[in-house]
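Here's the structure, in structure tokens; my notes come after.
The values are calculated or read from the model by the stated rules, or taken from the named source; none is laboratory data. Source: prediction; values computed, not measured. Cβ atoms come from the backbone with ideal geometry, glycine included; neighbour counts cover every protein chain shown.
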Amino acid sequence: MNTSFTPQGKQIRQAKIMTGFAVLFAACLISVNAMAMTVPAAGSFAYDLYDIGVNQILLGPIGFIAGVACMVFAAILAIRQMILPAAGVVLGGAFLLKADSVVQTIGAVIC
């Protein structure tokens, strides 16, 4: 007999769910040391990759054109009443247009 449909089975299932949420909540509160990745120094191993990927592409004209194209695409989606995809595209386009601020302030978090 399946006990998940009985009142006692429902209580056990709810207790398991609440325990899972409590463990997840406790795991979110545990802090670890995190360091933000700094910009590589000129001449170091990863500087050329950083320079091409971030400075020349993301912060350069390619990133700007991609950000503007995202905004235009979001406007087209909004006109077609596709609001949820348009919101995602706007967020991505805003990230591309303000990539210099994002790169400077957030960095990559390494745990």
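Residues that are touching a residue at least 12 places away in the same chain (Cβ under 8 Å) and small (Gly, Ala, Ser) within the range 70-85 comprise just one, 74. Within the range 76-86, being assigned to a helix (DSSP H, G or I) and surrounded by 13 or more Cβ atoms within 10 Å (Cβ to Cβ) holds for 77, 78, 85, 86.
Looking at the range 82-90, is at least one residue β-branched (Val, Ile, Thr), in contact with a helix residue (DSSP H, G or I) (Cβ under 6 Å, 6 or more places away or on another chain) and at pLDDT 85 or above? Checked the range 82-90: at least one residue is β-branched (Val, Ile, Thr), in contact with a helix residue (DSSP H, G or I) (Cβ under 6 Å, 6 or more places away or on another chain) and at pLDDT 85 or above. In the range 91-111, the residue that is modelled with the highest pLDDT out of those that are exposed (fewer than 13 other Cβ atoms within 10 Å of the Cβ) and in a helix (DSSP H, G or I) is 91.
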